[in-house]
There are 2 protein chains.
Amino acid sequence: MASHKLCMIPGPIEFHEDVLQAMATPATSHVAPNFIPALGESIELLRQILFTSGQPFIIAGSGTLGWDMTASNLIEAGEDVLVCNSGYFGDRFGECLETYGAKVTHLRVPIGESPKLDDVAAALKTKKFKAITITHVDTSTGVLADIKGIADVVRRESPETLVVVDGVCSVGSEEIRMDAWGIDVVVTASQKALGAPPGLCVMGVSERAIGVFKNRNTPVPNYYANWNRWLPIMNAYEARKPSYFATPAVQNVFALNVSLKQIVAQGIEKRFAVHKEASAKAKKFIHDLGLKLVPTSLEHAANGMSAVYYPEGVAATDLLPKLAAHGIVAAGGLHVEIAPKYFRIGHMGISVTEPERGHLDATLNALKASLAECGYKGAL
Amino acid sequence: MASHKLCMIPGPIEFHEDVLQAMATPATSHVAPNFIPALGESIELLRQILFTSGQPFIIAGSGTLGWDMTASNLIEAGEDVLVCNSGYFGDRFGECLETYGAKVTHLRVPIGESPKLDDVAAALKTKKFKAITITHVDTSTGVLADIKGIADVVRRESPETLVVVDGVCSVGSEEIRMDAWGIDVVVTASQKALGAPPGLCVMGVSERAIGVFKNRNTPVPNYYANWNRWLPIMNAYEARKPSYFATPAVQNVFALNVSLKQIVAQGIEKRFAVHKEASAKAKKFIHDLGLKLVPTSLEHAANGMSAVYYPEGVAATDLLPKLAAHGIVAAGGLHVEIAPKYFRIGHMGISVTEPERGHLDATLNALKASLAECGYKGAL
């Protein structure tokens with residue numbers, strides 16, 4: 001693909017050739033002897049990647065569907081939910097929760113900040129929350145939340161509160177240890193650091209949360225997202241038995257399976273480390289160019305992406321097309337209050353775990369060259 | 001793929017090489033200049049394929065999600081819905097409708113029968129139904145419903161009732177003319193006669209139904225399926241503008257786009273005709289073998305699939321593995337009352353529109369050979 005531009009946005013990320021080849025698997029029945037283990041094994045691999053004994057789900061849909069799954073299976077109408085809101089995705093998750101009758105309290109943090117543990121503790125004292133949600137990496141700002149610290153606070157202040165992590169832009173690139181940290185739900189999707197094309201909603205749910213689900217007082221107010229439908233399906237495939245509720249996205253699951261096997265084979269701990277190294281390299285380069293990150297501190301900046309303010313005199317309409325001309329696709333701003341003022345690059349998956357591909361260097365060099373073409377002198 | 005077995009089930013069907021190649025498109029942003037027209041054009045092509053001026057939707061998910069979209073956007077709690085129930089999928093659609101508060105009346109027909117127009121007319125006289133649902137092709141029985149006739153009855157008896165067609169196993173293989181016949185909703189999915197891998201929920205919604213949706217009294221009780229979220233997205237992509245609610249299944253949409261272009265280029269009318277011809281050939285072959293179809297008459301047997309009773313002395317555990325050994329994947333029974341007694345084969349998409357591939361002949365010959373291997377003498 002000579003004309004292919006590197007997709008260096010915070011998802012979809014660049015995909016391995018073997019993953020793409022799996023996407024082109026010829027027609028296969030969703031109950032075929034070669035498909036059942038692909039889904040069954042993917043469920044097992046997700047347990048390893050999320051460090052949980054809980055229940056993974058792999059469902060046709062986008063990551064957004066994971067919000068519906070969380071809201072409609074774990075929350076009952078009238079229950080309170082605390083949303084740690086660091087940007088666009090906190091607003092949206094809150095809307096989703098309200099759709100299913102939750103009473104949502106937003107703990108809003110300023111743009112570029114991450115939720116403070118003391119603020120979380122204080123909020124938890126105000127009422128009894130059924131759940132707290134945290135955007136692990138806010139794709140709109142590149143902010144990384146301290147989910148381990150927040151989960152600790154929850155266990156201390158309100159131990160029954162379910163800890164729900166929106167990990168759409170973090171699973172596979174940021175450290176997550178569901179069981180050890182006391183995380184009850186992780187919502188993610190295939191197309192970010194899990195390294196497969198978009199089209200799959202992926203979740204991990206703790207045994208405790210499954211217990212809460214099973215003890216609901218009211219019916220689940222959603223059909224497609226209903227875990228009563230999906231639990232037997234996930235269990236059947238894991239037991240290598242055919243089962244049917246809704247047709248799985250067969251090719252996407254084959255592709256995810258290839259990527260999950262690569263992730264586990266390469267080592268999950270190593271994966272965390274190389275994402276940190278690559279991010280540090282990217283952020284130093286950005287700093288040396290004289291540019292400013294949206295996150296106010298490197299302490300709470302994501303390792304899988306960087307959100308960067310344009311320097312004085314450079315606009316999205318200038319920089320992004322120039323990057324594209326250099327073969328690099330970057331993303332514009334998404335947080336509504338600052339959208340025209342910043343851009344975002346992703347550095348996840350094979351673009352950092354296989355540095356011999358040169359994706360990150362190509363991106364950073366293209367950034368430097370494009371800024372110069374925009375007339376930016378700065379620290380170039 | 002020397003080891004590839006022909007997937008001759010009633011979906012997923014065999015996919016064209018160009019469709020599979022599109023599935024392997026390298027990473028592409030969901031707002032990339034080459035992706036936006038693929039989704040935008042697919043929306044336009046669906047209008048042609050469904051013969052409607054209404055609104056198509058293409059959403060990451062399975063066909064089942066289309067039931068949620070119908071139930072949560074068009075029905076409000078407490079409203080009555082008449083479900084023409086010819087098998088498994090009528091039961092399930094009814095459960096989905098009830099999840100969102102609909103009061104469901106089932107008009108059940110015996111196994112192998114299609115809904116009778118007089119029965120529909122009589123049912124419509126009993127109360128005011130917000131909608132009627134019809135499974136166009138019941139994948140569990142191979143029964144084809146007369147949706148044109150039923151829509152006529154609705155227009156006469158209860159003109160405000162929305163006509164909802166579950167076309168998961170019919171769009172692309174059976175004649176549907178939404179506007180001319182007065183069909184308000186068609187629910188389908190990518191992996192049947194639309195000819196692309198599973199993972200996309202596809203719908204067509206009439207302008208009238210969109211109007212009903214816009215005049216709802218209560219909020220839509222679903223987040224991911226909410227047309228208030230998706231209408232602006234579909235409109236934006238059709239206008240070739242980027243927009244974002246949830247990340248589309250980029251590769252699946254590229255693949256669907258290839259298949260929809262093939263369908264329109266080959267001619268939709270011709271497509272209806274070749275599916276009828278292939279089905280007639282398959283059903284004659286089956287009849288000549290001395291086997292009996294689940295549909296009680298050829299008049300209401302689907303053109304894209306055949307559901308066939310095993311002859312005396314032959315069981316699923318005998319026949320299906322033998323067919324597989326001949327390189328043909330067929331499906332077992334699904335209708336709970338007769339599941340072990342019959343099997344199903346699909347004859348849709350490239351397997352019939354490109355007869356030079358020899359899929360149908362290979363399937364029928366394998367059926368004959370496998371029956372002989374099972375010890376069946378019959379009319380062989």
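Residues being without any contact (Cβ under 8 Å) to a residue 40 or more places away in the chain, open to solvent by 10 Å² or more (accessible area, probe 1.4 Å) and either not β-branched (V, I, T) or not assigned by TED's automatic domain parsing to the domain that holds B:W181 (or both) are entirely absent from region B:126-136.
Summed over region B:195-208, residues that are crowded, with 24+ Cβ neighbours inside 10 Å and either part of a strand (DSSP E or B) or more than 12 Å from chain A (Cβ to nearest Cβ) (or both) total 6. In region B:246-266, what residues are open to solvent by less than 20 Å² (accessible area, probe 1.4 Å) and either among the hydrophobic types (A, V, I, L, M, F, W, C) or not assigned by TED's automatic domain parsing to the domain that holds B:M69 (or both)? Correct list: B:A246, B:A249, B:V250, B:V253, B:A255, B:L256, B:L260, B:I263. For region A:1-20, the candidate set comprises residues that are in contact (Cβ under 8 Å) with a residue 12 or more places away in the chain and open to solvent by 60 Å² or more (accessible area, probe 1.4 Å); within that set, the residue that is nearest to the other protein chains (Cβ to nearest Cβ) is A:K5.
The helices (runs of 4 or more DSSP H) found entirely in region A:275-380 include none that carry 3 or more residues being in contact (Cβ under 8 Å) with a residue 12 or more places away in the chain and among the acidic types (D, E).
Screening region A:218-245 for residues that are outside any helix (DSSP H, G or I) and more than 14 Å from chain B (Cβ to nearest Cβ) and picking the one that is surrounded by the most Cβ atoms within 10 Å (Cβ to Cβ) gives A:R240. For region A:87-122, residues that are of a type in the set (D, E, K, R) and touching a residue at least 24 places away in the same chain (Cβ under 8 Å) total 3.
Of all positions in region A:65-79, none carries a residue that is open to solvent by less than 10 Å² (accessible area, probe 1.4 Å), under 17 Å from the mean Cα position of the chain (by Cα) and within 13 Å of A:F129 (Cβ to Cβ).
Counting only residues that are open to solvent by 30 Å² or more (accessible area, probe 1.4 Å) and out of contact with any helix residue (DSSP H, G or I) (no Cβ under 7 Å at 6 or more places or on another chain), region A:25-46 holds 4 of them.
Against the conditions (1) of a type in the set (D, E); (2) more than 25 Å from B:D18 (Cα to Cα); (3) in contact (Cβ under 8 Å) with a residue 40 or more places away in the chain, B:E160 satisfies every one except (3).
The values are calculated or read from the model by the stated rules, or taken from the named source; none is laboratory data. Quantities reported herein were computed from a predicted structural model and do not represent experimental measurements. Methodologically, a virtual Cβ is constructed for each residue, glycine included, from the backbone with ideal geometry; neighbour enumeration extends over all protein chains shown. Heavy atoms of the whole protein, side chains included, go into the accessibility calculation; ligands, DNA and RNA do not. Shrake-Rupley method; radii C 1.70, N 1.55, O 1.52, S 1.80 Å.
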